[in-house]
Amino acid sequence: MSLVRVDIDGLLATLTMTNQPKRNALSEAMINEVLAGLDEALAAKVRCVILRAEPGVKIWSSGHDIQELPKSHRDPLGWSDPLRVVIRAIEEFPAPIIALIEGGVWGGACEVALACDIIVATPDSTFAITPAKLGVPYNVTGLLTFMNAASLHTVKEMAFTARPIDAERALLVGLINHLRQADEITAFCVEMARGIEKLAPLAIAVMKEELRVLASAHSITPRMFERVQGMRRKVYDSTDYEEGVKAFKEKRPPVFLGE
């Protein structure tokens, strides 16, 4: 069964996540189909991409497939993790990608949405950064994605509380670009994409890459990076990390001991 439907209409590609029974969890299989869809869009020389779930869903994506997280003693969000691969693919795709959001966006899916260039959401959409519920130490590049989308205090609140923020507040703090009702959001995004199509694709591609480079231009020394990585290793070697993943799979609240 296909997990992502790819529709190419002229210079516009629409990638639709279709695994509603699994709440569009970002499994390796799902991500591979998103990557294949981006490759297809690139080959077709599209000038804009819309990334969405099927209309009317309650959950846009539940985030990283917890079943695929390592149990312990290995970085859950390493360089080659599928989530990290698809984030880089979205950021490096040479045409703008519009995230069309309906429903809840959780954990790693929140980063996927925020890695897109323009975000349009319905009023019932919510956004949550949830690694603290699982004992997962988010990595530096992932946190940078959040920091580039909202103020530091907003990111801290979302990361430390794991509580979702609603679409109205997301618009207010700059996480998203536009709010549109469910019955008009598709037309709104398509109209925006068609407008982008008419502009100079080479200039847009260069500006997208320039903005990506500038957004990543935060000074950090090798010593600082190694210190942070050392702290992260302690977390994914901890009993709390094992408990978080185990509790999620057993569908019960975790009991964290801080060790």
> From the residues in the range 46-59 that are part of a loop (DSSP other than H, G, I, E, B) and touching a helix residue (DSSP H, G or I) at 6+ places or on another chain (Cβ under 8 Å), which one is nearest to THR18 (Cα to Cα)?
Replying inline: GLU54
> What pairs can you find where one residue is in the range 151-172 and at positive phi, the other is open to solvent by less than 90 Å² (accessible area, probe 1.4 Å) and hydroxyl-bearing (Ser, Thr, Tyr), and their Cβ atoms are less than 8 Å apart, with a gap of 6+ or different chains?
Replying inline: ALA162/THR130
> So, in the range 102-118, of the ones that are part of a strand (DSSP E or B) and either touching a helix residue (DSSP H, G or I) at 6+ places or on another chain (Cβ under 6 Å) or open to solvent by 10 Å² or more (accessible area, probe 1.4 Å) (or both), which residue ends up farthest from TYR138 (Cα to Cα)?
Replying inline: ILE118
>> Filter the range 202-259 down to the residues that are over 30 Å from ILE97 (Cβ atoms), without any contact (Cβ under 8 Å) to a residue 12 or more places away in the chain, assigned to a loop (DSSP other than H, G, I, E, B) and open to solvent by 70 Å² or more (accessible area, probe 1.4 Å) and list them by number.
In response: GLU250, LYS251, ARG252, PRO253
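Which members of the range 19-53 meet the condition of being in contact with a strand residue (DSSP E or B) (Cβ under 6 Å, 6 or more places away or on another chain) and open to solvent by 30 Å² or more (accessible area, probe 1.4 Å)? Steps first, please.
Taking the range 19-53 first, the residues in contact with a strand residue (DSSP E or B) (Cβ under 6 Å, 6 or more places away or on another chain) are 23-24, 26, 33-34, 37, 40-41, 44, 46, 48-53.
Correct list: ARG23, GLU33, GLU40, ALA44.
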>> Can you tell me which condition ILE176 does not meet? The list is (1) at pLDDT 95 or above; (2) farther than 29 Å from PRO123 by Cα; (3) part of a loop (DSSP other than H, G, I, E, B), and all the others hold.
In response: (2)
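Among the residues of the range 140-179, how many are among the hydroxyl-bearing types (Ser, Thr, Tyr) and either under 16 Å from VAL112 (Cα atoms) or open to solvent by 70 Å² or more (accessible area, probe 1.4 Å) (or both)? Steps first, please.
First, the residues of the range 140-179 that are among the hydroxyl-bearing types (Ser, Thr, Tyr): 141, 145, 151, 154, 161.
Filter again for either under 16 Å from VAL112 (Cα atoms) or open to solvent by 70 Å² or more (accessible area, probe 1.4 Å) (or both), leaving 141, 145.
Qualifying residue count for the region: 2.
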>> I'm told ASP81 meets every condition in (1) at pLDDT 90 or above; (2) more than 11 Å from the chain's Cα centre (by Cα); (3) buried (at least 20 other Cβ atoms within 10 Å of the Cβ) except one. Can you identify the failing condition by its number?
In response: (1)
>> I need a count of the residues in the range 180-201 that are buried (at least 16 other Cβ atoms within 10 Å of the Cβ) and part of a loop (DSSP other than H, G, I, E, B).
In response: 1
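Tally up the residues in the range 1-36 that are of a type outside the set (Lys, Arg), without any contact (Cβ under 8 Å) to a residue 40 or more places away in the chain and closer than 22 Å to PHE188 by Cα, please. Steps first, answer last, please.
The initial filter retains those residues of the range 1-36 that are of a type outside the set (Lys, Arg), namely 1-4, 6-21, 24-36.
Checking the rest, the ones that are also without any contact (Cβ under 8 Å) to a residue 40 or more places away in the chain come to 1-4, 6-9, 13-16, 18-21, 29-30, 33, 36.
Narrowing further to those that are closer than 22 Å to PHE188 by Cα: 4, 6-9, 13-16, 18.
Total meeting the criteria: 10.
The values are calculated or read from the model by the stated rules, or taken from the named source; none is laboratory data. No experiment lies behind these values; they were computed from the predicted model shown. Note: ideal-geometry Cβ built from the backbone for every residue, glycine included; neighbour counts use all protein chains shown. Side chains are part of the model used for accessible areas, which takes the heavy atoms of the whole protein and leaves out ligands, DNA and RNA. Shrake-Rupley method; radii C 1.70, N 1.55, O 1.52, S 1.80 Å.
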